[in-house]
Amino acid sequence: MTPTTSQTADPVHALLVRIADALDRIAPPRIPTPDFEVADAFVWQTEPPRFSPVPHVNRVDMDLLQGIDRVRDQLVENTERFARGLPANNALLWGARGMGKSSLVKASHAYINGKRAAEGAASRLKLVEIHREDIESLPILMSLVRASSHRFIVFCDDLSFDADDTSYKSLKAVLEGGIEGRPDNVIFYATSNRRHLLPRDMMENERSTAINPGEAVEEKVSLSDRFGLWLGFHKCSQDEYLAMVAGYVAHHGLNVDEATWRPQALEWATTRGARSGRTAWQFVQDLAGRLALPLKAAE
């Protein structure tokens, strides 16, 4: 006996429903339209993809960044050109640890926004931090900000790549070379301890194992060439280190005379084997704690 249409409709319908449910489960989640008016800074999250607003950015005042006057001026000038809609370069801030690379990016963002607000500019520059492990999601991020009327600094702190890591190819395509390329309203800033973003032993290994060693190394080193602005940060002198400490002491209003904190600051740097802005800040925190003196809250 041949089944009637009414007898077969329910099983077919149930099968179609199961197929539709399965497709819904495997489909990528819909990314909500971001609201960039709620804050000036965001952190890019990938699970699910979204921009998380940062109401209060952890940063230091531009005046407290000592010993980096030349690179400070270069980055601020580049950032200001970008904020005004003029040509500007992606920037790689590389060099010694603790010398204010990431602090300078955040301070420059705040400085330019403050300056443009004083000039009566309606739009504000947006800062978006992307974590190193999320670099492969950069194309999604770029597609979401491309149509926005705002201008964005996409910032990656401590960017570097290991031997088995191929995510640097995503970054290369986004910065230059992809079909779409970097949107006109986006600039990319990165900090790294390595000028070429790759460890030296990785580059030496490429030379020893590749069929064409020169091409293998060139393919990886070319990533840093995507950054038009290279800003080098080097270890500071003793005088610059002490100037950093003095700046922090004055900024936070610590009632301590220099004759007291100076020898302690020098000993602090000696025991750590380094002089840097980070070392100066850590000493000031320790000094304030020992003297039971409060530190000014970050703005």
Original post:
Restricting attention to region 150-164, does a residue exist that is over 28 Å from M244 (Cβ atoms), of a type in the set (V, I, T) and in the same structural domain as G85 (by TED's automatic domain parsing)?
Top reply: yes
**OP:** Filter region 144-186 down to residues that are part of a helix (DSSP H, G or I) and modelled with pLDDT under 90 and give me whichever is nearest to E80 (Cα to Cα).
**Re:** L175
**OP:** Examine region 13-34 for a residue that is at pLDDT below 90, within 21 Å of the chain's Cα centre (by Cα), surrounded by 10 or more Cβ atoms within 10 Å (Cβ to Cβ) and under 27 Å from M142 (Cβ atoms), and state whether such a residue exists.
**Re:** yes
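Name every residue in region 270-299 that is in a loop (DSSP other than H, G, I, E, B) and touching a Gly at 6+ places or on another chain (Cβ under 6 Å), in order of residue number.
S276
Are any residues in region 117-140 of a type outside the set (D, E), in a helix (DSSP H, G or I) and touching a helix residue (DSSP H, G or I) at 6+ places or on another chain (Cβ under 9 Å), and if so, which ones?
I135, S137, L138, P139
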Original post:
Is region 261-270 home to any residue that is over 23 Å from A292 (Cα atoms) and either over 29 Å from the mean Cα position of the chain (by Cα) or modelled with pLDDT of 95 or more (or both)?
Top reply: yes
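Results for (1) under 26 Å from E176 (Cα atoms); (2) without any contact (Cβ under 8 Å) to a residue 40 or more places away in the chain; (3) crowded, with 18+ Cβ neighbours inside 10 Å, shown as yes or no for each residue.
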position: T46; (1), (2), (3): yes, no, no
position: L65; (1), (2), (3): no, no, yes
position: T79; (1), (2), (3): yes, no, yes
position: G100; (1), (2), (3): no, no, yes
position: A107; (1), (2), (3): no, no, yes
position: E136; (1), (2), (3): yes, yes, no
position: L144; (1), (2), (3): yes, no, yes
position: A147; (1), (2), (3): yes, yes, no
**OP:** Give the residues of region 64-116 that are within 24 Å of H251 (Cα to Cα), among the charged types (D, E, K, R) and part of a helix (DSSP H, G or I), sorted by residue number.
**Re:** D69, R70, R72, D73, K101, K106, K115
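The values are calculated or read from the model by the stated rules, or taken from the named source; none is laboratory data. Remember, it's a predicted structure, so these values are computed and weren't measured experimentally. Don't worry about glycine lacking a Cβ; one is built from the backbone with ideal geometry, like all the others, and counts go over all protein chains shown.
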